[in-house]
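A.B. asks: I have a structure I would like to understand better, so I am pasting it below and will then ask my questions one at a time.
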Amino acid sequence: MPNQIPHQIEQKIIDGYREKFPLSKEHHDRLINYIPGGATRSLSYFKPYPLHISHGKGAYVYTHEGHRLLDVTNAYGALVHGHGDPDVVKVVQEGIEKGSQYSTPTEGQYRLARLLCERVPGFEKVRFVNSGTEATLFAMRTARAVTGRDKILKMAGGFHGTHDSVAASTKKNVMTAGIPAGMTRDMLEVPFNDGDALERVVRENADTLAAVIMEPFLGAGGVVLPSPGFLQLARKVTAAHKVLLIFDEIFSFRVDTGGCQRRFGVVPDLTCVGKVVGGGLPIGVFGGKNEYMNIFCHEHTKRPLYHSGTFNGYETVMQAGFAALSKFDERAVGKINRLGDRFQARLLKSFKSNGLNIQSNQIGSLLNLHFVNQKITTAEQVHESVEELHALMHLSLLNRGVFTIPRGLFILSTVMSESEIDSLTDKIDETLKELLPLIEEKYNHLLL
């Protein structure tokens, strides 16, 4: 007779979730009548049904049942000061009373643009959009317009939004139905951290290659960090062949006041940022060197590259972003990154004490746990992580009062304390102990 332990553990965790969050089921059953799947963002859905949040404050979110959960999703990285930051709330309330959008240049645009250009080494000029997807789309369009070439090279496992050119081949289980073949015909791909492949593909396609677009580390791809010298090689190779280098720092920007390019000392030609830059409101930014960004400027060209949008540079967002970034200074970055270091150290200790050979990739306030038994340096290794364990850990942590991301990604905020990090690690340790019999029965390759 098959061992019943795995089934019993799974059933206990799922039953615990259903018992703790019954109102989420009610909200889901109502919403599914009007929104396919009951979630208007694919990442928000998980089985048996997605969690519904009532409100958030500081480091916590609250459910309709009244449960308080430590939030380590932080809107998938868009929040860096937690929920309802008083400085952000103040400027939004004061600003929106004056009007939220004027369809003209504004003082808010000037202040946020200047702050970004002062902080980010690769920014001499910027333009505002409303999402990371738009930012990468227009950065790629800029590169093609400047160079007169069509091809773009990306990294396998790199995520650059959901527009057609980059949506394909990001990670397993990403559906790309509906994307015309022609939209990806000029997209090339090499493995992240494979310097030889990068150098070869750039060299062989230099005459038709507009740009290399890459995250300094794979964000949605598992917080896979660059091997020593990889980013420097990307800069050297692209410069040698007059191919533009685009850094997608939408996710990675929070690791330093000037992003990963400041941390690693590698300056690209074009850069995309977003998430924390909007203070919790929708934003995307693309920019770079004057010689490339001036293609949008009426003062520098008779036929500037067209870029418009009703909500570009939305004044309320500009005010929220300036308030959030102004207080995300060296001191704040240092604090949140130390919390990340503490989290990583305690988590690795928990793995060892539980006899587990699993991984945690961490940089600053971002950490991704992987149910893999070897050091992770490639996107392919991330794909080997056991999905069943991720799903059950996610539900188990929700049952213990931790709101996290199903794929094992943890994102911290500046309003968290060391005691909250320690409590978080304790609850992960409890969850690992709960899963241990299942791991021993079905996934013993993850044991020390």
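A.B. asks: What is the number of the single condition among (1) of a type in the set (Val, Ile, Thr); (2) part of a loop (DSSP other than H, G, I, E, B); (3) in contact (Cβ under 8 Å) with a residue 12 or more places away in the chain that residue 301 does not meet?
C.D. replies: Residue 301 satisfies all of (1) of a type in the set (Val, Ile, Thr); (2) part of a loop (DSSP other than H, G, I, E, B); (3) in contact (Cβ under 8 Å) with a residue 12 or more places away in the chain except (3).
A.B. asks: A further question follows. If a residue must be in contact with an Asp or Glu (Cβ under 9 Å, 6 or more places away or on another chain) and part of a helix (DSSP H, G or I), how many such residues does segment 138-155 contain?
C.D. replies: First, pick out the residues of segment 138-155 that are in contact with an Asp or Glu (Cβ under 9 Å, 6 or more places away or on another chain): 139, 143-144, 146, 149-155.
Applying the additional criterion that residues be part of a helix (DSSP H, G or I) yields 139, 143-144, 146.
Result for segment 138-155: 4.
A.B. asks: May I ask you to verify whether residue 342 is over 24 Å from residue 437 (Cα atoms) and part of a helix (DSSP H, G or I)?
C.D. replies: Working: over 24 Å from residue 437 (Cα atoms): yes; part of a helix (DSSP H, G or I): yes.
It is true that residue 342 is over 24 Å from residue 437 (Cα atoms) and part of a helix (DSSP H, G or I).
A.B. asks: Another one. Can you tell me which residues in segment 331-357 are in contact (Cβ under 8 Å) with a residue 12 or more places away in the chain and of a type in the set (Lys, Arg)? First the steps, then the outcome.
C.D. replies: Initial filter on segment 331-357 (in contact (Cβ under 8 Å) with a residue 12 or more places away in the chain): 332-333, 335-337, 339-344, 346-348, 350-357.
Within segment 331-357, 335, 342, 346, 352 qualify.
A.B. asks: Look at segment 91-129 and say how many of its residues are touching a residue at least 12 places away in the same chain (Cβ under 8 Å) and under 23 Å from residue 261 (Cβ atoms).
C.D. replies: 18
A.B. asks: With the condition kept exactly as written, say whether any residue in segment 350-370 is in a loop (DSSP other than H, G, I, E, B), under 21 Å from the mean Cα position of the chain (by Cα) and small (Gly, Ala, Ser). Full working, then the answer.
C.D. replies: Looking only at segment 350-370, we keep the residues that are in a loop (DSSP other than H, G, I, E, B), and these are 354-355, 357-358, 364-365.
Filter again for under 21 Å from the mean Cα position of the chain (by Cα), leaving 364-365.
Narrowing the set further to residues that are small (Gly, Ala, Ser) leaves 364-365.
Within segment 350-370 (the criterion being in a loop (DSSP other than H, G, I, E, B), under 21 Å from the mean Cα position of the chain (by Cα) and small (Gly, Ala, Ser)), the answer is yes, since at least one residue qualifies.
A.B. asks: Restricting attention to segment 228-283, report how many residues are among the β-branched types (Val, Ile, Thr) and in a loop (DSSP other than H, G, I, E, B). Working first, answer last.
C.D. replies: In the first step, residues of segment 228-283 are kept if they are among the β-branched types (Val, Ile, Thr); the result is 237-238, 243, 246, 250, 255, 257, 266-267, 271, 273, 276-277, 283.
Checking the rest, the ones that are also in a loop (DSSP other than H, G, I, E, B) come to 243, 250, 257, 266-267, 283.
Looking only at that region, the number is 6.
A.B. asks: What tally of residues in segment 44-63 results from selecting those that are closer than 20 Å to residue 13 by Cα, in contact (Cβ under 8 Å) with a residue 40 or more places away in the chain and assigned to a loop (DSSP other than H, G, I, E, B)?
C.D. replies: 3
A.B. asks: Anything in segment 84-104 that is modelled with pLDDT of 95 or more, part of a loop (DSSP other than H, G, I, E, B) and surrounded by fewer than 15 Cβ atoms within 10 Å (Cβ to Cβ)? List them, or say none.
C.D. replies: 84
A.B. asks: Please name all residue pairs, on different chains or six or more residues apart, with Cβ atoms under 7 Å, provided the first residue is in segment 183-200 and is assigned by TED's automatic domain parsing to the domain that holds residue 241 and the second residue is of a type in the set (Asp, Glu) and at pLDDT 95 or above.
C.D. replies: 186/150
A.B. asks: For segment 226-233, indicate whether the set of residues that are touching a residue at least 60 places away in the same chain (Cβ under 8 Å), surrounded by fewer than 18 Cβ atoms within 10 Å (Cβ to Cβ), closer than 18 Å to residue 116 by Cβ and of a type outside the set (Asp, Glu) is non-empty.
C.D. replies: First pass over segment 226-233, keeping only residues touching a residue at least 60 places away in the same chain (Cβ under 8 Å): 227.
Next, from what is left, pick out any that are surrounded by fewer than 18 Cβ atoms within 10 Å (Cβ to Cβ): 227.
Next, from what is left, pick out any that are closer than 18 Å to residue 116 by Cβ: none.
Among the residues of segment 226-233, not one is touching a residue at least 60 places away in the same chain (Cβ under 8 Å), surrounded by fewer than 18 Cβ atoms within 10 Å (Cβ to Cβ), closer than 18 Å to residue 116 by Cβ and of a type outside the set (Asp, Glu), which makes the answer no.
A.B. asks: Tell me, which residue of segment 176-205 that is in contact with a helix residue (DSSP H, G or I) (Cβ under 9 Å, 6 or more places away or on another chain) and among the hydrophobic types (A, V, I, L, M, F, W, C) is surrounded by the most Cβ atoms within 10 Å (Cβ to Cβ)?
C.D. replies: Among those residues, the one meeting the criterion is 192.
A.B. asks: On to the next question. Scan segment 14-43 residue by residue and report those that are within 23 Å of residue 72 (Cβ to Cβ) and assigned to a loop (DSSP other than H, G, I, E, B).
C.D. replies: Within segment 14-43, 21, 39, 40, 41 qualify.
The values are calculated or read from the model by the stated rules, or taken from the named source; none is laboratory data. Every value quoted in this text rests on a predicted model; they were computed, and no experiment measured them. Please note: Cβ atoms are built from the backbone with ideal geometry, for glycine as well, and neighbour counts cover all protein chains shown.
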